[in-house]
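In what follows, a single structure is set out as structure tokens and then discussed.
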Amino acid sequence: MLIKKGSKSLEEKIKELKKKRNAVILVHNYQLPEVQDIADLRGDSLELSRAAAKTDAKVIVFCGVHFMAETASILCPDKKVLMPDVNSDCPMASMITAQDLIKLKEKNPKAVVVGYVNTSAEVKAELDVCCTSTNAVSVVNAIIKDRSAFDGKDEIIFIPDKYLADFVERKTGKKLIKWNGVCPTHVKILPEDIKRERKFHPFAKVIVHPECLPSVIALADQALSTSKMCQFAKETEAKEIIIGTEVGLIYRLKLDNPDKEFYPASEAAVCPNMKRTTQEKIVWALEELKEEVKVSDEIRRRARKSIDKMLEIV
Ligand code: SF4
């Protein structure tokens with residue numbers, strides 16, 4: 001789409017269209033700055049989906065990756081959920097299918113099935129409990145504590161991220177049955193990146209995402225989800241923080257904390273799928289009311305149970 005001289009700016013157009021469509025724009029923390037700038041709400045995947053369920057808007061423009069828009073559709077089936085670029089996928093979520101999980105469950109019939117929110121709706125429909133990087137440890141601890149709520153099952157399958165599973169194992173002491181999934185963006189952050197950045201910024205705190213390599217987590221001060229990183233950045237007395245997650249988060253951290261300095265642990269930690277959404281595509285989505293992401297009723301009902309279970313136990 002070409003914007004002619006003298007015509008409205010994209011931001012003005014988006015504002016107008018939002019009003020016309022009764023729409024809200026939800027933007028993940030890893031999106032491009034131009035997208036973060038026009039957000040009604042920025043956050044992590046579950047924060048955004050829960051906000052979607054609360055809003056009075058009829059249309060939700062979800063600027064993130066596909067499983068996130070699906071989660072919004074699961075939580076608010078009466079709303080129209082749009083993705084400005086429907087090809088924005090999460091490679092980690094694509095590393096396990098519902099069929100893969102059904103086979104894993106058959107092999108491990110005594111296991112409670114916990115799945116990261118970074119999964120497709122079909123996979124969520126096969127879970128007992130969903131979890132996020134913020135609450136994964138609490139979810140597993142709650143299962144260990146109250147096995148009776150899970151038919152006395154004493155094993156736990158944790159999918160799809162093996163490094164998040166490792167992290168949960170270390171924190172809970174519970175051996176998990178894992179899947180061989182990883183986030184291709186977070187594994188680009190290497191131990192030598194942390195060592196180098198610590199040398200450059202000796203007074204900085206280092207926080208990394210639990211999807212990072214265990215050898216990276218071992219060198220950090222803390223491993224935190226993106227929402228916890230935002231909280232940490234606000235509350236810490238440290239003036240400099242090295243950030244071990246997708247680089248897009250730094251834009252938000254700087255806006256929220258103008259008195260602090262943030263350094264990416266690695267400039268290579270870019271999720272290309274998170275960068276596909278642009279302001280132009282948002283205008284198109286609002287004009288055409290496309291592409292809609294809708295989860296079928298049968299899958300939605302089953303997937304919803306795993307999300308409700310998570311909210312019930314932690
Ligand atoms: S950063 Fe990793 S987990 Fe997040 S959307 Fe990209 S590939 Fe998926």
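Laid out as a table, the results:
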item	result
Residue in region 170-187 that is buried (at least 19 other Cβ atoms within 10 Å of the Cβ) and closer than 25 Å to residue 260 by Cβ present	yes
Residue count, region 249-290 (criterion: within 16 Å of the ligand (Cβ to nearest atom), in a loop (DSSP other than H, G, I, E, B) and touching a helix residue (DSSP H, G or I) at 6+ places or on another chain (Cβ under 6 Å))	5
Residue 300 vs. criteria crowded, with 16+ Cβ neighbours inside 10 Å and within 16 Å of the ligand (Cβ to nearest atom)	no
Qualifying positions in region 151-169 - over 21 Å from the mean Cα position of the chain (by Cα) and surrounded by fewer than 20 Cβ atoms within 10 Å (Cβ to Cβ)	151, 152, 153, 154, 155
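One line per residue, one yes/no per condition, for (1) part of a helix (DSSP H, G or I); (2) of a type in the set (A, V, I, L, M):
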position	(1), (2)
101	yes, yes
106	yes, no
109	no, no
114	no, yes
118	no, no
123	yes, yes
127	no, yes
130	no, no
134	no, no
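Residues are listed down the side, and each one gets a yes or a no for (1) away from the ligand (no atom under 15 Å from the Cβ); (2) of a type in the set (Phe, Trp, Tyr); (3) open to solvent by 20 Å² or more (accessible area, probe 1.4 Å); (4) part of a strand (DSSP E or B):
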| position | (1), (2), (3), (4) |
| --- | --- |
| 193 | yes, no, no, no |
| 196 | yes, no, yes, no |
| 199 | yes, no, yes, no |
| 203 | yes, yes, yes, no |
| 207 | yes, no, no, yes |
| 210 | no, no, no, no |
| 219 | yes, no, yes, no |
| 230 | yes, no, no, no |
| 246 | no, no, no, no |
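The values are calculated or read from the model by the stated rules, or taken from the named source; none is laboratory data. Just so it is clear, the structure is predicted and the values come from calculations on it, not from any experiment. Neighbour counts are summed over all protein chains in view; Cβ atoms, including those assigned to glycine, are modelled from backbone coordinates with ideal geometry. Note: accessible area is taken over every heavy atom of the protein model, side chains too, but ligands, DNA and RNA are not part of it. Shrake-Rupley method; radii C 1.70, N 1.55, O 1.52, S 1.80 Å.
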